[in-house]
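None of the figures in this text is laboratory data; all of them are computed from the coordinates on show. Quick caveat, the model's predicted, so the values are computed rather than measured. Here the Cβ positions follow ideal geometry from the backbone for every residue, glycine too, while neighbour counts run over all protein chains shown.
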Amino acid sequence: MATVRVEAAEAGRELGAPAGLDRLRRVLARAGRSLLPFALLLAVWWAVEIAFRLSPAVLPSPWQTISATWPLIQRGILPDYITSSLTRMAVAGLFGVVAGVPIGLLLGSNRYVSVAFAPFLNFFQALSGIAWLPLMLVWFGFGEKTIQAVILYTVFFPVAFNTMTGVRTVPLHYAHALRVLGADRLRLIRDVWIPGALPSILLGLRLGIAYGWRALIAGEMVVGAGGIGFLLFQARSFHQTDRIMDGMILIGLLWLLIDLGFLRPVERATVERWGMLQR
């Protein structure tokens, strides 16, 4: 009997090895497809710089751009700026989500209230947080509060609006069935509206954080309190085009890390796992 178990375990390992290799190949193939557009962009960038013999002050080469990053890392400037930007985004973004989701659920749970507030939320969602910067500078001055307020505002409205819209898309007969069984409003929120509205909530989360990331960069440019946005604006003052390119690339890379490290895992663990999102 023990021999049979050992042979079965060895057979399982032999069958599992190709499956593991196949999974690795799929991951590598997916990564290759994702990196291909960036490789093409890099090739075009290099070709344009060589073909037109542009000055580094106009368009630095990819190598010059990479080389300009090293002194910033050595002096600790770049790690400090990255930490500042990510901390601001995490704190203000969290407050925007924590406020936006419950308010969206409450507004969406009543048809008349949601109809009344839909234009209001839509109006402020369209009004970019960057447009508020001049007024917030008057209110809060050139400091951390202004940047945090712009991010919070920019994150809150897409999250609240999409959460409210998601609740309104949940079929009413689910809520009616639970009410017949004696469920209160909290039970409806937990068992019907949150699961049903989750795709819209995640969409609002993705939009809010993306808009908030842009508002963060703009706020740091204007306020000048450190961060990636301040790095860009400071490099412009000294005509350091290579550092400007560094900052632009870094903004995109950090957003990809936020997306892959936070947003995508949440989607995989919820709507994708439940079959509500196509793979």
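Based on the Cα gyration tensor of the stretch 149-241, what are the three equivalent ellipsoid semi-axes, each the root of five times an eigenvalue, rounded to whole Å and given largest first? Each step should come with its number before you reach the end.
Working: eigenvalues 381, 21, 11 Å².
Computed over the stretch 149-241, the values are 44, 10, 7 Å.
Provide the packing ranking of 61-73, 163-175, i.e. peptides ordered by the mean count of other C-beta atoms within 10 Å per residue, highest first.
In descending order of packing, they fall as 163-175, 61-73.
Using helices alone, what [θ] at 222 nm do you get for the chain, with -39,500 (n - 2.57) per DSSP H run of 4 or more residues, divided over all residues and rounded to the nearest 500?
Values: 12 runs with 220 residues, N = 279.
Computed mean residue ellipticity for the chain: -27000 deg cm²/dmol.
Taking all pairs of different Cα atoms in the chain, averaging 1/r and flipping that mean, what Kirkwood radius in angstroms comes out?
It is 22.4 Å.
Which of the trypsin sites (Lys or Arg not before Pro) found in the stretch 46-131 are in a DSSP loop and have at most 15 neighbouring Cβ atoms, other than their own, within 10 Å?
Working: sites: R53, R75, R88, R111; in loops: R53, R75.
Answer by residue number: R53, R75.
So which DSSP H runs in the chain come out at 27 Å plus along the axis (Cα) with average Kyte-Doolittle of at least 0.0?
2-51, 77-108, 144-169, 194-223
Provide the net charge surrounding W63, with neighbours chosen by a C-beta distance below 12 Å and charges set as Lys +1, Arg +1, Asp -1, Glu -1.
-2
Quickly work out the S237-to-V48 label distance, labels modelled 7 Å from Cα along the C-beta direction, and quote it in nm with one decimal.
2.8 nm
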